[in-house]
Amino acid sequence: MSVVELARPVEKPRATPKGPRRRVTAWHRWLSPLALLAIWQIASASGLLPERLLAAPATIAATAVDLTQAGTLHTAIGVSLQRVLIGFAIGGLAGILLATVAGLSRAGENAVDPIMQMLRALPFFGLIPLFILWFGIGEEPKILLVALAVSFPLYLNTFSGIRGVDGKLAEVAKTLRLSRGQLIRHIVLPGALPQTLVGLRQALGVAWLALIVAEQVNATTGLGYMINDAREFLRTDVIVVGLLVYSALGLLTDSLVRLLERRALAWRRGFLA
């Protein structure tokens, strides 16, 4: 081999375009759900899956259109969404405040954490009779059940985030002679923010699960009432429509939190890239 051949630069293999591959990959993710939907429809049409057990996808789609045109679905979504938002605001604020108290001092932890851990172990269905006795059968017990469920994920994640802040940053704060308020504002809270946002996403998922339980408390409107009423008449199509709406609302609220997370944690993009 000559010196010229040795000195010749080695050509790097050309990078294959990633765009088509990504499109194929994205399309592949839809194959299994579409196949499952087709099998479901075929099984219903052939009689293998009786209508009384589970309605066919075509029937469910027609039912969703009928409920929308009648205004029933819009009203139920509006009522349930209002309950979730109010309960989430109350429970989220309480969870973050309690986590801040418990996370910033040992005394606060000893006072708050045992109570929160005890409440976290209580079943929701066991609390319903007490909530009815204490708050009646109106909107209060429904909202408070959602608030109680929401508070725990936010409390646990915010507490963990506060305690997980690097201790060296506290030493830097002492060197800069920051006050306790400045330490909390500029170091502790920003450091705990990523974990708090994780708790926010978990809390939104728990909020919709708690709402299903809460709307069993003498509800006359809402998605839970619509599903419960359909169960009495064995309307599996209405039940599935209500469950799909729950899933869609959960996905929508989670997407909003992820958007907030990308904006609030823009400083982490360089690391993630």
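Here GLY47, GLY91 are screened, and the one residue that is of a type outside the set (A, V, I, L, M) and crowded, with 17+ Cβ neighbours inside 10 Å is GLY91. Whenever a residue of segment 106-122 is farther than 12 Å from PHE152 by Cα, its partners that are of a type in the set (S, T, N, Q) and surrounded by 11 or more Cβ atoms within 10 Å (Cβ to Cβ), lying with C-beta atoms within less than 9 angstrom and at least six residues away or across chains, give the pairs GLY108/THR100. Quick test for you: out of LEU178, LEU169, LEU189, pick the one residue that is touching a His at 6+ places or on another chain (Cβ under 8 Å) and closer than 24 Å to ARG106 by Cβ. Residue meeting the stated conditions: LEU178. Residues satisfying the criterion are present in segment 101-110 (criterion: in a helix (DSSP H, G or I) and either touching a Lys or Arg at 6+ places or on another chain (Cβ under 6 Å) or under 23 Å from ALA210 (Cα atoms) (or both)).
If you check GLU215 against the conditions, is it among the acidic types (Asp, Glu), surrounded by 21 or more Cβ atoms within 10 Å (Cβ to Cβ) and at pLDDT 75 or above? Answer is yes for this residue.
For segment 161-171, the candidate set comprises residues that are under 24 Å from LEU197 (Cβ atoms) and modelled with pLDDT of 70 or more; within that set, the residue that is surrounded by the most Cβ atoms within 10 Å (Cβ to Cβ) is GLY161.
The values are calculated or read from the model by the stated rules, or taken from the named source; none is laboratory data. These numbers come from a predicted model, not from an experiment. Using ideal geometry, Cβ is built from the backbone for each residue, glycine included, and neighbour counts are taken over all protein chains shown.
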